[in-house]
Amino acid sequence: MTTTKTMFAPASGHTVFDRDQGERQLALEYLAEAWNEAEDDGVQSAALAHASLFAALATFVKMHGDDATAELMALLPDRIRSGEYNLDRILQ
């Protein structure tokens, strides 16, 4: 699979996931390809992000339940603020 553009390629050149997490990286590449195709078809990034979050949260709830998913989501503000989801940050 080859994508010419992706919002999931950090500026640092490093992958979002460690090399030990190859399956997650592959999954992200599939999602990036679908994301790019949807944008090419005129779907707005905000709509894609909202739909992606809904699908991810619904999957976590189905797999782990409401409480476990809520506990996981409660950790997100600190992780976001620390830059874990900032694709422009430089990893050293």
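The values are calculated or read from the model by the stated rules, or taken from the named source; none is laboratory data. Please read all numbers here as calculations on a predicted model, not as lab measurements. Note that we place each Cβ from the backbone using ideal geometry, even for glycine, and neighbour counts take in every protein chain shown.
For this structure, a couple of remarks:
- Residues within the range 71-87 that are closer than 21 Å to residue 61 by Cα and assigned to a loop (DSSP other than H, G, I, E, B), tallied: 1
- Selection from the range 59-92 of residues that are out of contact with any helix residue (DSSP H, G or I) (no Cβ under 9 Å at 6 or more places or on another chain), among the hydrophobic types (A, V, I, L, M, F, W, C) and exposed (fewer than 12 other Cβ atoms within 10 Å of the Cβ): 74, 75, 76, 80, 90, 91
- Number of the condition not met by residue 7 [criteria: (1) surrounded by 12 or more Cβ atoms within 10 Å (Cβ to Cβ); (2) at pLDDT 95 or above]: (2)
- Taken over the range 36-46, the criterion of being surrounded by 11 or more Cβ atoms within 10 Å (Cβ to Cβ), under 14 Å from the mean Cα position of the chain (by Cα) and of a type in the set (Gly, Ala, Ser) is satisfied by 45 alone.
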